[in-house]
């Protein structure tokens, strides 16, 4: 699997530029890179593919923001989520230029059964037709907000994602050679955003 540390850093800096820092409390954003695990075309190992998952809390719920900072043509058409400690999909927050519906079609990520363990989709969303127009293109983003299961807190979700016990998957279409690929987490990085300061502490876990 390819490591996209430079791409994740660029995406994180882009997000940080728009984050309103709280006056007193520190907040944490967990960032995890998606990596292709299929090899359908010429761009399966391209370092220019970069999509990052940002996990944060929103009103006591888990917010998963998917940011595409690829420098090649690559459209995220479907997002797949394993259950973990999630209870239900609360809302889809489309970014400019994107439109998604739930459930996605297909309901399972292509080639999901080739992973170990096999990826089992609990929830999915898909770009509205035509997906090449309404999916997440480079420079775009989309967020999913999930209700947490009783007794689950956001740190539980973050731990499961960082350890790979819970995964998210993507179906990426419209690559430069016309191929499509599937991508999955984790390849984790964690940011601690310190309130009122400019310090940025980044920790990357290599698998």
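The figures follow:
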quantity: Every residue from segment 153-178 that is buried (at least 17 other Cβ atoms within 10 Å of the Cβ) and part of a loop (DSSP other than H, G, I, E, B); calculated: 166, 167, 174, 175
quantity: In segment 101-121, the residues that are farther than 25 Å from residue 177 by Cβ and either touching a strand residue (DSSP E or B) at 6+ places or on another chain (Cβ under 6 Å) or part of a strand (DSSP E or B) (or both); calculated: 101, 102, 103, 107, 121
quantity: Cβ-Cβ under 6 Å pairs, at least 6 apart or on other chains, segment 148-177 side touching a residue at least 60 places away in the same chain (Cβ under 8 Å), far side assigned to a helix (DSSP H, G or I) and surrounded by 19 or more Cβ atoms within 10 Å (Cβ to Cβ); calculated: 166/160
quantity: Selection from segment 126-152 of residues that are in a strand (DSSP E or B), out of contact with any helix residue (DSSP H, G or I) (no Cβ under 6 Å at 6 or more places or on another chain) and within 17 Å of residue 96 (Cβ to Cβ); calculated: 136, 141, 142, 143, 144
quantity: Which listed residue is assigned to a strand (DSSP E or B), at pLDDT 95 or above and surrounded by fewer than 17 Cβ atoms within 10 Å (Cβ to Cβ), from 66, 92, 72; calculated: 92
quantity: Test set (1) touching a residue at least 60 places away in the same chain (Cβ under 8 Å); (2) within 17 Å of residue 168 (Cα to Cα) - residue 44 fails condition number; calculated: (2)
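The values are calculated or read from the model by the stated rules, or taken from the named source; none is laboratory data. A quick note: this is a predicted structure, and the numbers were derived from the prediction, not measured. Heads up, the Cβs are rebuilt from the backbone with ideal geometry, glycines too, and the neighbour counts pull from every protein chain shown.
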